[in-house]
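The values are calculated or read from the model by the stated rules, or taken from the named source; none is laboratory data. These numbers come from a predicted model, not from an experiment. With ideal geometry, Cβ positions are generated from the backbone for all residues, glycine too; neighbour counts draw on all protein chains shown. Quick note on the areas: whole protein, heavy atoms, side chains included, nothing else; ligands and nucleic acids left out. Shrake-Rupley method; radii C 1.70, N 1.55, O 1.52, S 1.80 Å.
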Amino acid sequence: MAATLPIGDTIAAIATARGRGAIGIVKISGPRALGILQKLFKPSGKKPGHADGGDRARCLRHGWVYHPVSGERIDEVLAVWMPGPRSYTGENVVEINGHGGGHVLAALLEAVLWAGARLAEPGEFTRRALVNGRIDLSQAEAVADLIDARSQKAMRMAGRRLDGELGRQVEALRQAVIDVMAHIEAEIDFGEQLENEADLAELGRSIRHRMIPRLEGWLSQYDAAKGYVEGVKVAVVGRPNVGKSSLINRIAKFERVIVTDVPGTTRDLVEVSVTLFGMPVTFTDTAGLHESQDPVERLGIQRTCGYLDECDLVVFMLDAAAGVGADDFSIGEMLEQRKVLLVLNKMDLMVEKGAPKLPDEWLRWPRIAISARYDEDLGELERLLGRELQDEENDSGEDIVPNLRQKGLMEKCQERLKAAAERLERDKAGELGSIELAEAVGHLDRLLGRWEDPDVMDQVFKRFCIGK
Ligand SMILES: Nc1nc2c(ncn2[C@@H]2O[C@H](COP(=O)(O)OP(=O)(O)O)[C@@H](O)[C@H]2O)c(=O)[nH]1
Ligand SMILES: [Mg+2]
(Lines give C-alpha, C1' and ligand atoms only; values in the text may rest on other atoms or scores of the structure.)
(Ligands and ions follow the chains in the order given, each with its own letter.)
Protein backbone atom coordinates (compact mmCIF):
# COMPACT_ATOMS: atom_id res chain seq x y z
CA MET A 1 0.00 0.00 0.00
CA ALA A 2 2.66 2.48 0.99
CA ALA A 3 4.24 2.14 -2.44
CA THR A 4 1.11 3.20 -4.28
CA LEU A 5 -0.26 5.74 -1.83
CA PRO A 6 2.53 7.78 -0.28
CA ILE A 7 1.48 9.14 3.08
CA GLY A 8 3.74 12.18 3.11
CA ASP A 9 2.08 14.19 0.36
CA THR A 10 -0.92 16.43 0.62
CA ILE A 11 -4.18 15.22 -0.91
CA ALA A 12 -7.39 17.01 -1.84
CA ALA A 13 -10.85 16.18 -3.10
CA ILE A 14 -14.40 17.42 -3.30
CA ALA A 15 -16.07 15.89 -0.26
CA THR A 16 -19.69 16.67 -1.04
CA ALA A 17 -22.01 14.98 -3.52
CA ARG A 18 -22.05 15.93 -7.19
CA GLY A 19 -24.77 18.14 -8.55
CA ARG A 20 -26.29 21.42 -7.37
CA GLY A 21 -26.24 22.20 -3.68
CA ALA A 22 -26.23 25.13 -1.30
CA ILE A 23 -22.66 24.47 -0.28
CA GLY A 24 -19.89 22.15 -1.36
CA ILE A 25 -16.71 21.26 0.46
CA VAL A 26 -13.16 20.80 -0.78
CA LYS A 27 -11.08 18.88 1.72
CA ILE A 28 -7.28 18.93 1.99
CA SER A 29 -5.12 16.70 4.16
CA GLY A 30 -1.36 16.50 4.62
CA PRO A 31 1.62 18.48 5.84
CA ARG A 32 1.11 21.30 3.31
CA ALA A 33 -2.59 21.81 3.94
CA LEU A 34 -2.22 25.12 5.72
CA GLY A 35 0.39 26.42 3.28
CA ILE A 36 -1.96 25.65 0.40
CA LEU A 37 -4.83 27.47 2.09
CA GLN A 38 -2.64 30.50 2.65
CA LYS A 39 -1.70 30.58 -1.03
CA LEU A 40 -5.33 30.80 -2.13
CA PHE A 41 -7.37 32.31 0.60
CA LYS A 42 -7.81 35.95 1.51
CA PRO A 43 -9.87 36.29 4.66
CA SER A 44 -12.27 39.20 5.02
CA GLY A 45 -11.68 41.66 7.85
CA LYS A 46 -8.38 41.95 9.56
CA LYS A 47 -8.19 40.93 13.15
CA PRO A 48 -4.92 40.94 15.01
CA GLY A 49 -3.23 37.58 15.21
CA HIS A 50 -4.82 35.97 12.20
CA ALA A 51 -4.93 38.68 9.58
CA ASP A 52 -3.46 36.83 6.64
CA GLY A 53 -4.24 33.24 5.96
CA GLY A 54 -7.09 32.50 8.35
CA ASP A 55 -4.75 30.22 10.19
CA ARG A 56 -6.36 30.17 13.60
CA ALA A 57 -7.01 26.48 14.20
CA ARG A 58 -10.58 25.16 14.19
CA CYS A 59 -12.01 28.57 13.50
CA LEU A 60 -14.26 29.08 10.49
CA ARG A 61 -13.07 32.12 8.53
CA HIS A 62 -14.94 34.01 5.85
CA GLY A 63 -13.11 35.15 2.75
CA TRP A 64 -12.34 34.61 -0.93
CA VAL A 65 -10.39 32.01 -2.84
CA TYR A 66 -8.18 33.22 -5.69
CA HIS A 67 -6.45 31.08 -8.29
CA PRO A 68 -2.81 30.79 -7.22
CA VAL A 69 -1.49 31.33 -10.74
CA SER A 70 -3.96 33.49 -12.66
CA GLY A 71 -5.09 35.44 -9.60
CA GLU A 72 -8.69 35.10 -10.72
CA ARG A 73 -11.26 35.33 -7.94
CA ILE A 74 -13.06 31.99 -7.74
CA ASP A 75 -15.54 31.89 -4.87
CA GLU A 76 -16.64 33.37 -1.60
CA VAL A 77 -16.03 30.73 1.03
CA LEU A 78 -15.74 29.74 4.67
CA ALA A 79 -12.47 28.01 5.43
CA VAL A 80 -11.19 26.14 8.45
CA TRP A 81 -7.96 24.41 9.29
CA MET A 82 -7.57 21.63 11.80
CA PRO A 83 -4.01 20.79 12.79
CA GLY A 84 -3.08 17.12 13.23
CA PRO A 85 -3.07 14.85 15.06
CA ARG A 86 -6.51 15.81 16.35
CA SER A 87 -8.23 15.74 12.97
CA TYR A 88 -10.12 13.17 10.89
CA THR A 89 -7.01 11.88 9.15
CA GLY A 90 -4.60 12.63 11.98
CA GLU A 91 -2.81 15.04 9.62
CA ASN A 92 -3.25 18.76 9.04
CA VAL A 93 -6.66 19.15 7.46
CA VAL A 94 -8.24 22.11 5.69
CA GLU A 95 -11.84 22.37 4.60
CA ILE A 96 -13.07 25.01 2.22
CA ASN A 97 -16.85 25.50 2.14
CA GLY A 98 -17.73 27.01 -1.20
CA HIS A 99 -20.91 27.30 -3.22
CA GLY A 100 -22.25 23.91 -4.19
CA GLY A 101 -22.24 24.13 -7.98
CA GLY A 102 -20.25 21.59 -9.96
CA HIS A 103 -18.20 24.24 -11.78
CA VAL A 104 -17.48 26.25 -8.63
CA LEU A 105 -16.21 23.17 -6.80
CA ALA A 106 -14.19 22.00 -9.78
CA ALA A 107 -12.53 25.44 -9.95
CA LEU A 108 -11.83 25.44 -6.20
CA LEU A 109 -10.33 21.96 -6.40
CA GLU A 110 -8.25 22.92 -9.39
CA ALA A 111 -6.86 25.91 -7.51
CA VAL A 112 -5.97 23.66 -4.59
CA LEU A 113 -4.19 21.22 -6.91
CA TRP A 114 -2.28 24.08 -8.53
CA ALA A 115 -1.19 25.17 -5.10
CA GLY A 116 0.48 21.82 -4.51
CA ALA A 117 -2.02 19.12 -3.51
CA ARG A 118 -2.58 15.81 -5.27
CA LEU A 119 -6.05 14.45 -6.08
CA ALA A 120 -7.06 11.92 -3.44
CA GLU A 121 -7.92 8.32 -4.25
CA PRO A 122 -11.32 6.96 -3.17
CA GLY A 123 -11.32 6.53 0.60
CA GLU A 124 -7.82 7.91 0.97
CA PHE A 125 -8.72 10.31 3.79
CA THR A 126 -10.17 7.45 5.81
CA ARG A 127 -7.21 5.27 4.87
CA ARG A 128 -4.88 7.86 6.33
CA ALA A 129 -7.00 7.99 9.47
CA LEU A 130 -6.46 4.23 9.71
CA VAL A 131 -2.72 4.35 9.03
CA ASN A 132 -2.32 7.15 11.57
CA GLY A 133 -4.13 5.12 14.21
CA ARG A 134 -7.13 7.45 14.48
CA ILE A 135 -9.52 4.55 13.78
CA ASP A 136 -9.25 0.78 13.32
CA LEU A 137 -10.32 -1.12 10.24
CA SER A 138 -13.78 -1.95 11.57
CA GLN A 139 -14.37 1.76 12.10
CA ALA A 140 -13.12 2.59 8.60
CA GLU A 141 -15.60 0.07 7.22
CA ALA A 142 -18.33 1.52 9.39
CA VAL A 143 -17.75 4.87 7.67
CA ALA A 144 -18.47 3.30 4.28
CA ASP A 145 -21.38 1.28 5.67
CA LEU A 146 -22.85 4.42 7.18
CA ILE A 147 -22.67 6.27 3.87
CA ASP A 148 -24.14 3.29 1.99
CA ALA A 149 -26.83 2.53 4.58
CA ARG A 150 -30.08 1.60 2.84
CA SER A 151 -32.26 1.73 5.91
CA GLN A 152 -32.41 3.51 9.27
CA LYS A 153 -31.54 0.27 10.98
CA ALA A 154 -28.48 -0.25 8.77
CA MET A 155 -27.48 3.31 9.62
CA ARG A 156 -27.76 2.71 13.35
CA MET A 157 -25.79 -0.53 13.09
CA ALA A 158 -22.96 1.17 11.21
CA GLY A 159 -23.05 3.95 13.79
CA ARG A 160 -22.51 1.42 16.55
CA ARG A 161 -19.48 0.03 14.74
CA LEU A 162 -18.15 3.51 14.11
CA ASP A 163 -17.56 3.93 17.82
CA GLY A 164 -15.20 0.96 17.69
CA GLU A 165 -17.19 -1.51 19.80
CA LEU A 166 -16.95 -4.36 17.28
CA GLY A 167 -13.20 -3.88 17.03
CA ARG A 168 -12.86 -3.96 20.82
CA GLN A 169 -14.91 -7.13 21.20
CA VAL A 170 -13.13 -8.94 18.39
CA GLU A 171 -9.82 -7.86 19.89
CA ALA A 172 -10.88 -9.40 23.21
CA LEU A 173 -11.70 -12.68 21.49
CA ARG A 174 -8.35 -12.61 19.70
CA GLN A 175 -6.57 -12.12 23.01
CA ALA A 176 -8.48 -15.04 24.52
CA VAL A 177 -7.41 -17.31 21.66
CA ILE A 178 -3.80 -16.21 22.02
CA ASP A 179 -3.97 -16.98 25.76
CA VAL A 180 -5.07 -20.52 24.97
CA MET A 181 -2.14 -20.86 22.58
CA ALA A 182 0.23 -19.77 25.33
CA HIS A 183 -1.27 -22.36 27.70
CA ILE A 184 -0.79 -25.07 25.12
CA GLU A 185 2.85 -24.10 24.69
CA ALA A 186 3.34 -24.36 28.43
CA GLU A 187 1.71 -27.80 28.51
CA ILE A 188 3.84 -29.05 25.67
CA ASP A 189 7.03 -27.77 27.27
CA PHE A 190 6.55 -28.71 30.90
CA GLY A 191 3.49 -30.88 31.48
CA GLU A 192 3.31 -34.48 32.63
CA GLN A 193 1.72 -36.75 30.03
CA LEU A 194 -1.57 -37.48 31.85
CA GLU A 195 -2.13 -34.16 33.51
CA ASN A 196 -1.28 -32.66 30.22
CA GLU A 197 -4.07 -34.48 28.39
CA ALA A 198 -6.66 -33.41 30.92
CA ASP A 199 -5.53 -29.80 30.62
CA LEU A 200 -5.65 -29.87 26.84
CA ALA A 201 -9.21 -31.22 26.97
CA GLU A 202 -10.11 -28.43 29.34
CA LEU A 203 -8.69 -25.83 26.95
CA GLY A 204 -10.70 -27.41 24.13
CA ARG A 205 -13.86 -27.11 26.21
CA SER A 206 -13.23 -23.46 26.96
CA ILE A 207 -12.90 -22.79 23.22
CA ARG A 208 -16.17 -24.60 22.59
CA HIS A 209 -18.13 -23.00 25.39
CA ARG A 210 -16.65 -19.56 25.66
CA MET A 211 -15.21 -18.53 22.32
CA ILE A 212 -17.27 -20.17 19.61
CA PRO A 213 -20.57 -18.88 21.11
CA ARG A 214 -19.30 -15.32 20.77
CA LEU A 215 -18.83 -15.82 17.04
CA GLU A 216 -22.18 -17.56 16.80
CA GLY A 217 -23.80 -14.57 18.46
CA TRP A 218 -22.34 -12.12 15.95
CA LEU A 219 -23.22 -14.36 13.02
CA SER A 220 -26.83 -14.72 14.06
CA GLN A 221 -27.00 -10.95 14.49
CA TYR A 222 -25.81 -10.67 10.94
CA ASP A 223 -28.52 -13.01 9.68
CA ALA A 224 -31.18 -11.14 11.57
CA ALA A 225 -30.07 -7.78 10.22
CA LYS A 226 -29.15 -8.86 6.70
CA GLY A 227 -32.40 -7.69 5.13
CA TYR A 228 -31.94 -4.18 6.47
CA VAL A 229 -28.40 -3.94 5.16
CA GLU A 230 -28.54 -5.66 1.80
CA GLY A 231 -32.24 -5.30 1.14
CA VAL A 232 -34.44 -8.25 0.26
CA LYS A 233 -35.76 -9.52 -3.04
CA VAL A 234 -39.29 -10.68 -3.61
CA ALA A 235 -40.41 -12.23 -6.92
CA VAL A 236 -44.05 -12.18 -7.90
CA VAL A 237 -44.80 -15.29 -9.94
CA GLY A 238 -47.87 -17.06 -11.29
CA ARG A 239 -49.40 -18.03 -14.58
CA PRO A 240 -50.35 -15.32 -17.09
CA ASN A 241 -53.20 -12.95 -16.25
CA VAL A 242 -53.55 -13.69 -12.54
CA GLY A 243 -52.76 -10.03 -11.77
CA LYS A 244 -49.03 -9.96 -11.00
CA SER A 245 -48.40 -6.71 -12.83
CA SER A 246 -51.46 -5.15 -11.23
CA LEU A 247 -50.01 -5.93 -7.81
CA ILE A 248 -46.61 -4.50 -8.78
CA ASN A 249 -48.32 -1.27 -9.85
CA ARG A 250 -50.14 -1.06 -6.52
CA ILE A 251 -46.86 -1.54 -4.70
CA ALA A 252 -45.07 1.03 -6.87
CA LYS A 253 -48.06 3.38 -6.44
CA PHE A 254 -48.03 4.23 -10.13
CA GLU A 255 -48.58 2.41 -13.42
CA ARG A 256 -45.07 1.01 -13.59
CA VAL A 257 -45.89 -1.97 -15.83
CA ILE A 258 -48.39 -2.59 -18.59
CA VAL A 259 -51.53 -4.36 -17.48
CA THR A 260 -53.83 -5.86 -20.11
CA ASP A 261 -56.22 -8.75 -20.30
CA VAL A 262 -53.98 -10.28 -22.99
CA PRO A 263 -52.06 -13.19 -21.42
CA GLY A 264 -48.29 -12.97 -21.76
CA THR A 265 -48.04 -9.16 -21.58
CA THR A 266 -45.04 -9.13 -19.24
CA ARG A 267 -41.87 -10.66 -20.59
CA ASP A 268 -39.01 -8.84 -18.95
CA LEU A 269 -38.22 -8.83 -15.27
CA VAL A 270 -39.38 -5.47 -13.96
CA GLU A 271 -38.11 -4.29 -10.58
CA VAL A 272 -39.78 -1.93 -8.13
CA SER A 273 -38.00 -0.91 -4.94
CA VAL A 274 -39.87 0.24 -1.87
CA THR A 275 -39.31 0.38 1.87
CA LEU A 276 -41.46 -1.91 3.99
CA PHE A 277 -41.21 -1.50 7.76
CA GLY A 278 -37.83 0.13 7.35
CA MET A 279 -36.50 -2.65 5.15
CA PRO A 280 -35.50 -2.01 1.53
CA VAL A 281 -37.50 -4.47 -0.56
CA THR A 282 -37.22 -5.01 -4.30
CA PHE A 283 -40.27 -6.59 -5.91
CA THR A 284 -39.86 -8.18 -9.31
CA ASP A 285 -42.69 -8.63 -11.76
CA THR A 286 -42.10 -11.68 -13.93
CA ALA A 287 -43.33 -13.30 -17.11
CA GLY A 288 -46.34 -15.54 -16.48
CA LEU A 289 -45.23 -19.14 -16.17
CA HIS A 290 -46.88 -21.59 -18.55
CA GLU A 291 -46.16 -23.68 -21.66
CA SER A 292 -45.57 -21.16 -24.40
CA GLN A 293 -44.63 -21.33 -28.08
CA ASP A 294 -43.79 -17.64 -28.38
CA PRO A 295 -39.96 -17.40 -28.41
CA VAL A 296 -39.88 -14.02 -26.66
CA GLU A 297 -42.22 -15.16 -23.94
CA ARG A 298 -40.21 -18.35 -23.52
CA LEU A 299 -37.08 -16.30 -22.92
CA GLY A 300 -38.97 -14.31 -20.30
CA ILE A 301 -40.07 -17.54 -18.62
CA GLN A 302 -36.48 -18.80 -18.59
CA ARG A 303 -35.37 -15.57 -16.96
CA THR A 304 -38.06 -15.85 -14.33
CA CYS A 305 -36.96 -19.36 -13.38
CA GLY A 306 -33.31 -18.32 -13.17
CA TYR A 307 -34.21 -15.33 -11.05
CA LEU A 308 -35.95 -17.37 -8.37
CA ASP A 309 -32.57 -18.47 -7.00
CA GLU A 310 -31.71 -14.89 -6.08
CA CYS A 311 -34.93 -14.25 -4.18
CA ASP A 312 -35.53 -14.24 -0.46
CA LEU A 313 -39.25 -14.79 -0.89
CA VAL A 314 -41.59 -15.75 -3.71
CA VAL A 315 -45.11 -14.35 -3.90
CA PHE A 316 -47.05 -17.07 -5.71
CA MET A 317 -50.20 -15.56 -7.15
CA LEU A 318 -53.39 -17.37 -8.13
CA ASP A 319 -56.54 -16.15 -9.81
CA ALA A 320 -59.09 -17.08 -7.16
CA ALA A 321 -61.97 -16.74 -9.62
CA ALA A 322 -60.39 -19.09 -12.16
CA GLY A 323 -59.43 -21.71 -9.57
CA VAL A 324 -56.33 -23.87 -9.52
CA GLY A 325 -55.27 -25.24 -12.92
CA ALA A 326 -52.52 -27.39 -14.42
CA ASP A 327 -50.11 -24.45 -14.85
CA ASP A 328 -50.58 -23.51 -11.20
CA PHE A 329 -49.75 -27.05 -10.16
CA SER A 330 -46.48 -27.05 -12.11
CA ILE A 331 -45.52 -23.71 -10.59
CA GLY A 332 -46.33 -25.05 -7.13
CA GLU A 333 -44.02 -27.98 -7.75
CA MET A 334 -41.24 -25.68 -8.88
CA LEU A 335 -41.53 -23.69 -5.64
CA GLU A 336 -41.39 -26.65 -3.31
CA GLN A 337 -37.99 -25.77 -1.83
CA ARG A 338 -38.63 -22.07 -1.52
CA LYS A 339 -39.99 -19.60 0.94
CA VAL A 340 -43.43 -18.81 -0.46
CA LEU A 341 -46.31 -16.49 0.27
CA LEU A 342 -49.50 -17.57 -1.48
CA VAL A 343 -51.69 -14.74 -2.76
CA LEU A 344 -55.23 -15.38 -4.00
CA ASN A 345 -56.09 -12.47 -6.26
CA LYS A 346 -59.34 -11.20 -7.84
CA MET A 347 -61.34 -11.80 -4.69
CA ASP A 348 -63.71 -9.08 -5.92
CA LEU A 349 -65.06 -11.64 -8.37
CA MET A 350 -65.71 -14.07 -5.55
CA VAL A 351 -68.42 -12.25 -3.66
CA GLU A 352 -70.72 -15.22 -3.86
CA LYS A 353 -68.25 -18.10 -3.86
CA GLY A 354 -65.69 -18.74 -1.13
CA ALA A 355 -61.97 -19.07 -1.78
CA PRO A 356 -61.05 -21.91 -4.15
CA LYS A 357 -59.92 -25.29 -2.84
CA LEU A 358 -56.13 -25.53 -2.60
CA PRO A 359 -53.93 -28.63 -2.79
CA ASP A 360 -52.98 -29.85 0.69
CA GLU A 361 -49.25 -29.34 0.23
CA TRP A 362 -49.83 -25.63 -0.35
CA LEU A 363 -51.51 -25.16 2.98
CA ARG A 364 -48.15 -24.95 4.78
CA TRP A 365 -47.51 -21.63 3.05
CA PRO A 366 -48.86 -18.46 4.61
CA ARG A 367 -51.62 -17.10 2.37
CA ILE A 368 -53.81 -14.09 1.88
CA ALA A 369 -56.73 -13.12 -0.34
CA ILE A 370 -56.70 -9.74 -2.07
CA SER A 371 -57.95 -7.77 -5.01
CA ALA A 372 -55.08 -6.05 -6.76
CA ARG A 373 -57.35 -4.19 -9.13
CA TYR A 374 -59.55 -2.73 -6.40
CA ASP A 375 -56.79 -2.26 -3.85
CA GLU A 376 -58.40 -4.55 -1.31
CA ASP A 377 -56.41 -6.03 1.59
CA LEU A 378 -53.09 -4.84 0.25
CA GLY A 379 -52.21 -3.40 3.65
CA GLU A 380 -52.72 -6.89 5.10
CA LEU A 381 -50.48 -8.29 2.39
CA GLU A 382 -47.74 -5.82 3.29
CA ARG A 383 -47.97 -6.71 6.97
CA LEU A 384 -47.74 -10.39 6.14
CA LEU A 385 -44.73 -9.74 3.92
CA GLY A 386 -43.11 -7.76 6.71
CA ARG A 387 -43.62 -10.66 9.09
CA GLU A 388 -42.12 -13.15 6.65
CA LEU A 389 -39.12 -10.98 5.86
CA GLN A 390 -38.19 -9.90 9.37
CA ASP A 391 -36.23 -12.33 11.45
CA GLU A 392 -37.47 -11.28 14.85
CA GLU A 393 -36.23 -14.35 16.66
CA ASN A 394 -32.62 -13.43 16.12
CA ASP A 395 -33.07 -9.73 16.27
CA SER A 396 -31.82 -8.31 19.51
CA GLY A 397 -32.10 -4.75 18.33
CA GLU A 398 -29.10 -2.61 19.00
CA ASP A 399 -26.37 -5.19 19.23
CA ILE A 400 -23.17 -5.25 17.27
CA VAL A 401 -23.68 -6.49 13.77
CA PRO A 402 -20.75 -7.32 11.47
CA ASN A 403 -20.79 -6.43 7.79
CA LEU A 404 -20.48 -8.96 4.96
CA ARG A 405 -16.67 -9.00 4.89
CA GLN A 406 -16.40 -9.31 8.64
CA LYS A 407 -19.02 -12.04 8.69
CA GLY A 408 -17.01 -14.09 6.14
CA LEU A 409 -13.92 -13.91 8.34
CA MET A 410 -15.90 -14.74 11.47
CA GLU A 411 -17.17 -17.88 9.76
CA LYS A 412 -13.65 -18.92 8.83
CA CYS A 413 -12.45 -18.22 12.36
CA GLN A 414 -15.33 -20.27 13.74
CA GLU A 415 -14.37 -23.25 11.55
CA ARG A 416 -10.79 -23.14 12.79
CA LEU A 417 -11.85 -22.82 16.42
CA LYS A 418 -14.12 -25.84 16.05
CA ALA A 419 -11.27 -27.82 14.53
CA ALA A 420 -8.95 -26.69 17.33
CA ALA A 421 -11.45 -27.68 20.02
CA GLU A 422 -11.71 -31.11 18.45
CA ARG A 423 -7.94 -31.55 18.27
CA LEU A 424 -7.61 -30.68 21.94
CA GLU A 425 -10.67 -32.40 23.40
CA ARG A 426 -10.71 -35.57 21.33
CA ASP A 427 -7.14 -36.05 20.09
CA LYS A 428 -5.33 -34.31 22.95
CA ALA A 429 -3.07 -33.02 20.21
CA GLY A 430 -1.68 -29.74 21.51
CA GLU A 431 0.52 -28.82 18.58
CA LEU A 432 -2.15 -29.52 15.98
CA GLY A 433 -4.65 -27.55 18.03
CA SER A 434 -2.21 -24.70 18.20
CA ILE A 435 -1.89 -24.61 14.41
CA GLU A 436 -5.66 -24.30 14.05
CA LEU A 437 -5.73 -21.54 16.65
CA ALA A 438 -3.00 -19.63 14.85
CA GLU A 439 -5.15 -19.72 11.72
CA ALA A 440 -8.18 -18.56 13.69
CA VAL A 441 -6.13 -15.61 14.95
CA GLY A 442 -5.07 -14.88 11.36
CA HIS A 443 -8.71 -14.47 10.33
CA LEU A 444 -9.36 -12.13 13.24
CA ASP A 445 -6.24 -10.15 12.32
CA ARG A 446 -7.60 -9.73 8.83
CA LEU A 447 -10.92 -8.64 10.30
CA LEU A 448 -9.23 -6.06 12.49
CA GLY A 449 -6.75 -4.99 9.82
CA ARG A 450 -3.92 -5.67 12.24
CA TRP A 451 -1.39 -5.97 9.53
CA GLU A 452 -1.63 -4.01 6.35
CA ASP A 453 -2.59 -6.73 3.94
CA PRO A 454 -2.93 -4.88 0.59
CA ASP A 455 -5.74 -7.19 -0.56
CA VAL A 456 -7.74 -6.50 2.56
CA MET A 457 -7.14 -2.78 2.25
CA ASP A 458 -8.14 -2.72 -1.41
CA GLN A 459 -11.25 -4.73 -0.68
CA VAL A 460 -12.30 -2.31 2.03
CA PHE A 461 -11.40 0.94 0.34
CA LYS A 462 -12.66 0.24 -3.16
CA ARG A 463 -16.16 0.79 -1.75
CA PHE A 464 -15.41 4.35 -0.75
CA CYS A 465 -16.19 7.48 -2.69
CA ILE A 466 -13.55 10.08 -3.46
CA GLY A 467 -13.38 12.69 -0.73
CA LYS A 468 -14.06 10.34 2.19
N1 LIG B 1 -61.44 -8.39 -11.34
C2 LIG B 1 -60.14 -8.29 -11.16
N3 LIG B 1 -59.31 -8.21 -12.20
C4 LIG B 1 -58.01 -8.12 -11.99
C5 LIG B 1 -57.46 -8.07 -10.67
N6 LIG B 1 -56.12 -7.99 -10.80
C7 LIG B 1 -55.82 -7.94 -12.10
N8 LIG B 1 -56.96 -8.02 -12.83
C9 LIG B 1 -57.10 -8.00 -14.30
O10 LIG B 1 -56.51 -9.18 -14.83
C11 LIG B 1 -55.89 -8.89 -16.08
C12 LIG B 1 -54.44 -9.33 -16.04
O13 LIG B 1 -53.75 -8.53 -15.10
P14 LIG B 1 -52.18 -8.39 -15.08
O15 LIG B 1 -51.85 -7.58 -13.89
O16 LIG B 1 -51.68 -7.93 -16.41
O17 LIG B 1 -51.78 -9.92 -14.88
P18 LIG B 1 -50.37 -10.63 -15.08
O19 LIG B 1 -50.38 -11.23 -16.43
O20 LIG B 1 -50.33 -11.67 -14.01
O21 LIG B 1 -49.33 -9.59 -14.93
C22 LIG B 1 -56.08 -7.40 -16.32
O23 LIG B 1 -57.17 -7.19 -17.15
C24 LIG B 1 -56.33 -6.87 -14.92
O25 LIG B 1 -57.08 -5.68 -14.93
C26 LIG B 1 -58.35 -8.16 -9.57
O27 LIG B 1 -58.00 -8.13 -8.41
N28 LIG B 1 -59.69 -8.26 -9.87
MG1 LIG C 1 -47.87 -9.08 -16.21
Taking the dipole of the chain about the Cα centre (Lys, Arg +1; Asp, Glu -1; charges at Cβ), the one of Pro280, Gly123, Val236 that reaches farthest to the positive side is Gly123
Straight-distance crosslink candidates among lysines, where the alpha carbon sits under 22 Å from Lys253 and sequence neighbours closer than 8 are dropped | Lys233, Lys244, Lys346
Leading residue at positive end of dipole, the chain (Cβ point charges), from Ile248, Ala320, Asn196 | Ile248
Between the Cα axis of helix 430-448 and the main Cα principal axis of the chain, the angle (0 to 90°, nearest 10) is 80
In degrees, nearest 10, range 0 to 90: what is the angle between the Cα axis of helix 193-206 and the longest Cα principal axis of the chain?
-> 80
With all protein chains present, the chain has a carbon and sulfur share of its accessible area (1.4 Å probe) in percent of 51
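Extension gain Ala182-Glu380, at 0.36 nm per residue separation less the Cα-Cα distance, in nm?
Net length gain for the segment: 65.5 nm.
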Sticking with the crude label model, points 7 Å out along Cα→Cβ, report the distance from Glu310 to Met334 in nm, one decimal please.
-> 1.6
Pairs Lys226/Lys418; Lys339/Lys412; Lys407/Lys462: which exceed 23 Å Cα-Cα?
-> Lys226/Lys418; Lys339/Lys412
Length gained, His209-Ala106, 0.36 nm per residue minus C-alpha separation, equals 31.4 nm
Mean Cα-pair separation over length for the chain, i.e. relative contact order, pairs under 8 Å, 6 or more apart, % | 17
Any idea how far apart Ala326 and Cys465 come out in nm if each label point goes 7 Å out from Cα toward Cβ?
-> 5.5
Find how many whole Å separate the alpha carbon centroid of the stretch 253-301 from the alpha carbon centroid of the stretch 21-45.
-> 52
The stretch 230-389 - accessible surface per residue (Å², probe 1.4 Å) = 50
Can you give the angle from 0 to 90° between the axis of helix 295-307 and the longest principal axis of the chain, with both taken from C-alpha atoms, to the nearest 10?
-> 60
In the chain, which longest range has no GluC sites (Glu not before Pro) that are both DSSP loop (not H, G, I, E or B) and surrounded by at most 15 other Cβ atoms within 10 Å?
-> 73-191
In whole angstrom, how far apart do the alpha carbon centroids of the stretch 164-185 and the stretch 108-124 sit?
-> 41
Efficiency of FRET between Asp189 and Arg86 - r from beta-carbon atoms, R0 56 angstrom, step 0.05 | 0.75
Restricting to aspartates and glutamates and to Cα separations under 13 Å from Lys468, and discarding same-chain partners fewer than 8 apart, the set is Glu95, Glu121, Glu124, Glu141, Asp145, Asp148
